[in-house]
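What follows is a single structure, written as C-alpha cells, with notes after it.
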Amino acid sequence: MPDQSHFQPDFFGAPDPKSPDPPSANTPLAYAIRPKTLDRFVGQEHLLADGQPLRRAIEQDQIPSAIFWGPPGCGKTSLAHVIANRTQSPFQFLNAGTTGVPELRKLLVIAENLLNRQGLSTILFLDEIHRFNKAQQDFLLSSVEGGTLTLIGATTENPSFEINAALLSRLQVYTFQPLSDQHIDQLIQRALTDPDNGLGRYQVDLTGDGLEALIRWSAGDIRQALNALQLAVQTIVTESHPTQLDARRIQEVVQKRILAHDKSGDSHYNLISALIKSLRASDPDAALYWLARLLESGEEARFIARRMVILASEDIGMADPQALLIADAAARAVEYVGLPEAELNLAHAAVYLACSPKSNAAYQGLLAAKKDVREKPVFPVPLHLRNAPTSLMKDQGYGQDYRYDHDFEDGIAGQLHLPEELKERRYYYPTERGYEQQVQAYLSRVADKRQADATKE
C-alpha cells in the first residue's frame, strides 16, 4: 500500500475516501461492493486491459487530467475509487450539482499549499461535471493548466457539447461503454456471495429467470441492477430462511424499468435522431420502437410532435402534401388530448410519415434560393410584379403588363417572375416519387408555355 501519511481529510468534512467506513445495512449495495483494486474492476476492458494506456497510467500513478464519459452505472465513479486507493496524491471527490465557486476556492487554496509545501498535485474527481456552468469550468482552467489540480470529470453527457472548449482541450477523454450482460451477471454473483460487503449473509437462491430479469431491467446499468437486487432481498428474504428469488418476485419489487434518459442530454438527442432517421428511411417498425422508447423515457410529447412536423416538410414535402397536415393534426392532438391518449395520435402520425413517399426537393430548393440571396446582388422586383395601390405608382410602371393567370388557358400565363438576371435559375426539382410526379408534369406545361411566350417576344 502507498504511504498515506500525507493524505488530507476531505476539504469539506466528509470521510476520507481512501479509508471508508464499513458499509451498514442502509448502504447502497452498488457502493458497498465497489472495487478497491484494478484486478477487482469489472468491464471497460478497452480501457483497462493489460497494456492499455489508462491502466498503465493508473499503475504508474501518472494520472492525466481526464473526462470519464459514459452512461450511468458503467463504472466511472468506481474507477475513481480505485485510483483514490492506489495513488500517492491527495484525492478529493466532489459533485458538480452541489458544489459552488466558494467550495472550489477553498479546495484550490489547500491544493496550492500542498503543491508548494510538499510538491503534491491534488486529484479532484468531479462527478457530473456537465452541471458546472461556463464560469465554474473556467475557474478550474488555470489550476489544471498549472498542475495544481489533476481533474477527472465524470459525465453522462457528450463532452463536446457540455465542456468548455478551452478546458476540454486540456483533458483526455475516455469513453466508457455500457456493461455487458456478462459483466452484470458477474457483479450480481459477487454481491450475492460477499458476506462482508454484499448479501452473502442472506440465503438467496437467485433463479435463472430472476437473473435474466435483473439483467434485462438494468439495461447495462449495474447500479440499477444492484439497487433492485438489494431491495428485493431486504423486503422478501430473511437471514434465517433460504428464499428463492425468481423473476416474479423481482418484478413485484421493481414494478417498472426506468430507462436512462436525460431530456437535455446525449440520450435525448440520440433517441430523437433514431426516430427521425427511421421515419426518413420509411421504416415504420423502427419508428414505432424509437417512439416507444422516447415515450417510456418520459420525453415531452410536444417535442416529439414538433420534430414530426419539421420532418413532414423537410423529408416528405411535395411527395405527399398531406403529411404536413397529419403531423400538424398530431401536434394539435397532443395539446388537446394530452398523454397518455395522445400516444395513439403520435403513433398514427409516425406510421403515416414513415410510409409516405419521400422528397426533400422543396427543402433543397429553399437552400439554393437562400444561397443566391446571400451571394448575389439584391435584384429589384420586376415592375410587372410590383403592387400599385396609388396612381403615382401606376404612372411609374408598377404592375404594368402583369398577366392575370386565370385569364389564360389552363390558368397559365407563361410570364417570367424571377428577376431578369436569374431567369434561367431553377431551385425546385421535383422527384418522380408520390404526388411530385403530377407536380413535375404540371410544371413541364408551365415551362412550355413560358418558353413559347419568350419566343414570341
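Once the Kirkwood radius over Cα pairs is known for the stretch 382-456, the Stokes-Einstein relation at 4 °C and 1.567 mPa s delivers a diffusion coefficient of 91 µm²/s. Derived scalar couplings between HN and Hα for the stretch 293-299 equal 4, 5, 5, 5, 7, x, 4 Hz in order, rounded to whole Hz, by the Karplus curve 6.51 cos²θ - 1.76 cosθ + 1.60 (θ = phi - 60°), x for Gly and Pro. With all pairs of separate Cα atoms included, the chain yields a Kirkwood hydrodynamic radius of 27.7 Å.
For the stretch 158-202, trypsin sites (Lys or Arg not before Pro) meeting the loop criterion (DSSP other than H, G, I, E, B) and having at most 16 other Cβ atoms within 10 Å: ARG170, ARG201. Each of GLU252 and LYS106 was given a label point 7 Å from its Cα along the Cα-to-Cβ line. The distance between the two points is 4.7 nm. Estimated from helices alone, the mean residue ellipticity of the chain at 222 nm is -14500 deg cm²/dmol (sum of -39500 (n - 2.57) over DSSP H runs with n ≥ 4, per residue). Within the chain, DSSP assigns beta bridges of which about 5% are antiparallel (rounded to the nearest 5). Here the calculated FRET efficiency for ASP395 and LYS134, from their Cβ-Cβ distance with R0 = 56 Å, stands at 0.40, rounded to the nearest 0.05.
Calculate how steeply helix 222-236 sits against the longest principal axis of the alpha-carbon atoms of the chain, using the helix alpha-carbon long axis, and give the answer as 0 to 90 degrees to the nearest 10. So the inclination is approximately 60 degrees. When only alpha carbons are used to place a centre, the stretch 373-410 and the stretch 154-216 end up 69 Å from one another. Under the convention that each Lys and Arg Cβ holds +1 and each Asp and Glu Cβ holds -1, the size of the dipole of the stretch 344-457 around its Cα centre is about 460 debye. Here r is the Cβ-Cβ distance between LEU344 and ASN116 and R0 is 60 Å; the resulting FRET efficiency, rounded to 0.05, is 0.35. The charge dipole of the chain, taken about its Cα centre with unit charges on the Cβ of Lys, Arg, Asp and Glu (plus for the first two, minus for the last two), comes to roughly 700 debye. Note on the stretch 298-348 and the stretch 109-140: Cα centroid distance 47 Å, given to the nearest whole angstrom. Straight-line cross-link reach from LYS370 at under 14 Å between alpha-carbon atoms covers no aspartates and glutamates, not counting any fewer than eight positions away in the same chain. Taking the charge dipole of the chain about its Cα centre, with +1 at Lys and Arg Cβ atoms and -1 at Asp and Glu Cβ atoms, the residue from LEU168, ALA441, PRO195 reaching farthest to the positive side is LEU168.
Once the C-beta distance of ASP181 and ARG56 is scaled by a Förster radius of 22 Å, the resulting FRET efficiency is 0.15 to the nearest 0.05. A compact globular protein would have a Cα radius of gyration near 2.2 N^0.38 Å; the ratio found for the stretch 266-355 is 0.96. Among the listed pairs LYS376/LYS449; LYS277/LYS376; LYS36/LYS277; LYS134/LYS376, which are separated by more than 32 Å between their Cα atoms? Violating the 32 Å limit, Cα to Cα: LYS277/LYS376; LYS36/LYS277; LYS134/LYS376.
Identify the residues of the stretch 311-339 with backbone N under 19 Å of a label point that sits 7 angstrom from the Cα of ALA441 along the Cα-to-Cβ direction, or state none. Those under the cut-off are 318-322.
Spacing of the modelled spin labels on ARG426 and ARG374, each 7 Å from Cα toward Cβ, amounts to 2.4 nm.
Read-outs throughout are calculated quantities, based only on the coordinates presented, and are distinct from any laboratory measurement. Just so it is clear, the structure is predicted and the values come from calculations on it, not from any experiment. For neighbour counting, all protein chains shown are included, and Cβ atoms are generated from backbone atoms with ideal geometry for every residue, glycine included.
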